[in-house]
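The values are calculated or read from the model by the stated rules, or taken from the named source; none is laboratory data. Here the structure is a predicted model, which means the values were calculated and not measured. Cβ placement follows ideal geometry from the backbone for every residue including glycine, while neighbour counts extend to all protein chains displayed.
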Amino acid sequence: MDAFYASVELLRYPELRGQPVVIGGGSRHQPEPGADGKLQFHKLRDYVGRGVVTTSTYEARALGVFSAMGMMKAAKLAPDAILLPTDFESYRHYSRLFKNAVAEIAPLIEDRGIDEIYIDLSEHTEEIRPLAQRIKDAVRAATGLSCSIGVAPNKLLAKICSELDKPDGVTLISAADIPTRIWPLAARKVNGIGPKAAEKLSALGLHTIGDLAAADPALLQDHFGRTYSEWLMRISHGQDERPVVTSSETKSISRESTFERDLHAKLDRDTLTPIFTDLCVRLAGDLQRKGYVGRTIGIKLKFADFRGVTRDLTLPDATDDAATIRQAAGECLRRVTLDRRLRLLGVRVTALSRKELSDSSPMLAQGELFGEE
C-alpha cells in the first residue's frame, strides 16, 4: 500500500491532499473546528515530545521526513507540515479491506504486516499485467486507496520492484531485466542489508547491487563471514528460493505504551496503574479476537535512560483472561526495582496455542501495583 497510514488519513481529510502531512502525534493533536467551522490542524513546528514519525505523505518525504525519524528532528525539516495523530483501529480496518479484496482474486497470500503482502500468481493463466491491474482496481474499489505491485520470479525481486514505481505503480521484471533494472540500485534497497552492512559495503567500494554481483566472493567472506557473504552473492544475482507462506502461527502478542513524559513508579502510580490495566485488557481482547490462549505472561519496561528490563512468568494453564494476565504481569512487575522513571511499559503473552473452548471471563479488578504496597 502507498504511504498507507497517511493515505487513510487523507480519505478522512481530503483537504490535505498535496500537502506535507506527518502521522505520529497523540490524541492532543486531533484537528478541532475553528471559529469559522473549518478544521484547524496542528503544525509539526509546535510538536514537543519524544515521539517518532509513524509515516508521512510523499510531499513530506520530499522534505526529508520519513518513518521512524524523531518528531523533533522532523519538525526542523518540515515545520509547516500538518501533524495528525495515529489511528491504528482505522488502519487495521482498511488493512482487512485491502487483503480481502486481493484474496477474492488471488487467495495464495503471505501476510507481511498491516500494509504489505506477497501473492503467489504462479497458477494463474491470465496475462500478468492485466491481472496485476485488476488487483489494483479491486483494492481501490474496496478502500479508495492506491497500491503498488511488483511482479517478479521470486519474493526478493518482487519486493524490490514494488518500490520502483511508487506510488500507484505496476512493475514487472524477469531474470533478463536484472542487469538493467536491479544492478544499478543501491545495495541498501535489498531487504536484509541494513545500515551497518551498507556502510561496510560502501567502505569496500561496493555501493550498488551490481557491485555486489561483481565482487570477489573471498573479499565478502573476509568481511562478512561465510553465511552472510554467500547470501549477498545469491541476492545480487536475483536468486531467492523462499516460497510464499500462506499460513503461520503467531508466536507472541503484546501491547505497550510509550509515555509523553517520563513517569515515576511511585509518584505517578495513579497514572501508571490504569495504563497498566488497560494494556492487560486490550491484550486479552487481542487474544480472544485472534482465538489464542497463552501460558507465559511478560512485561517490558524502558527507563528514562533507555535501558530496558523484561520479566516473564509461566502459568500452569494457558489463558486469554484479562484478570489472570494482569495478576501474572503484576507478579512480574513486583520483581523489578522501580526506583527510576519509566518511558515505556508493555505486557506480552507467549507460548501461544489455539483456544479450543471458550468460557466466560471474570471481572477485572484494578488494584494497586505501583508505589508502596
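Sort through Leu145, Leu164, Leu131 and tell me the only one that's assigned to a loop (DSSP other than H, G, I, E, B), aliphatic (A, V, I, L, M) and more than 28 Å from Met233 (Cβ to Cβ).
Details: Leu164 fails: more than 28 Å from Met233 (Cβ to Cβ); Leu131 fails: assigned to a loop (DSSP other than H, G, I, E, B).
Going through Leu145, Leu164, Leu131 in turn, just one is assigned to a loop (DSSP other than H, G, I, E, B), aliphatic (A, V, I, L, M) and more than 28 Å from Met233 (Cβ to Cβ): Leu145.
If you go through the stretch 35-72 and keep only what is within 21 Å of Gly18 (Cβ to Cβ), part of a loop (DSSP other than H, G, I, E, B) and out of contact with any Gly (no Cβ under 8 Å at 6 or more places or on another chain), you end up with Lys38, Phe41, Thr57, Ala62, Leu63, Gly64, Val65, Phe66, Ser67.
Residues of the stretch 326-373 that are of a type in the set (A, V, I, L, M), more than 24 Å from Thr258 (Cβ to Cβ) and either modelled with pLDDT of 90 or more or in contact with a Gly (Cβ under 8 Å, 6 or more places away or on another chain) (or both): Ala351, Leu352.
So in the stretch 80-108, with the set limited to residues that are aliphatic (A, V, I, L, M) and in contact with a Ser or Thr (Cβ under 6 Å, 6 or more places away or on another chain), which one is farthest from Leu16 (Cα to Cα)?
So the first thing to find is which residues in the stretch 80-108 are aliphatic (A, V, I, L, M), and the list is 81-84, 97, 101-103, 105-106, 108.
Checking which are in contact with a Ser or Thr (Cβ under 6 Å, 6 or more places away or on another chain) leaves us with 97, 108.
Working: Leu97: 23, Leu108: 36 Å.
Only one residue tops the list, namely Leu108.
Looking across the stretch 282-308, the residues that are surrounded by 17 or more Cβ atoms within 10 Å (Cβ to Cβ) and assigned to a helix (DSSP H, G or I) come down to Leu283, Ala284, Leu287. For the stretch 65-75, the condition holds for no residue, the condition being that it is among the hydroxyl-bearing types (Ser, Thr, Tyr) and crowded, with 19+ Cβ neighbours inside 10 Å.
Listed residues Arg348, Arg326, Arg343, Arg311; which is in contact (Cβ under 8 Å) with a residue 12 or more places away in the chain, of a type in the set (Lys, Arg) and assigned to a helix (DSSP H, G or I)?
On the way: Arg348 fails: assigned to a helix (DSSP H, G or I); Arg343 fails: assigned to a helix (DSSP H, G or I); Arg311 fails: assigned to a helix (DSSP H, G or I).
Only one candidate qualifies: Arg326.
Determine if the stretch 222-232 includes at least one residue that is part of a helix (DSSP H, G or I), acidic (Asp, Glu), under 30 Å from Ala152 (Cα atoms) and without any contact (Cβ under 8 Å) to a residue 60 or more places away in the chain. Yes - at least one qualifying residue is present in the stretch 222-232. Taking the criterion of being over 19 Å from Asp2 (Cα atoms), of a type in the set (Gly, Ala, Ser) and either within 22 Å of the chain's Cα centre (by Cα) or surrounded by 16 or more Cβ atoms within 10 Å (Cβ to Cβ) (or both), would at least one residue in the stretch 116-138 satisfy it? For the stretch 116-138, residues over 19 Å from Asp2 (Cα atoms), of a type in the set (Gly, Ala, Ser) and either within 22 Å of the chain's Cα centre (by Cα) or surrounded by 16 or more Cβ atoms within 10 Å (Cβ to Cβ) (or both): absent.
Of the residues in the stretch 202-218, at least one is outside any helix (DSSP H, G or I), at pLDDT 95 or above and touching a strand residue (DSSP E or B) at 6+ places or on another chain (Cβ under 8 Å).
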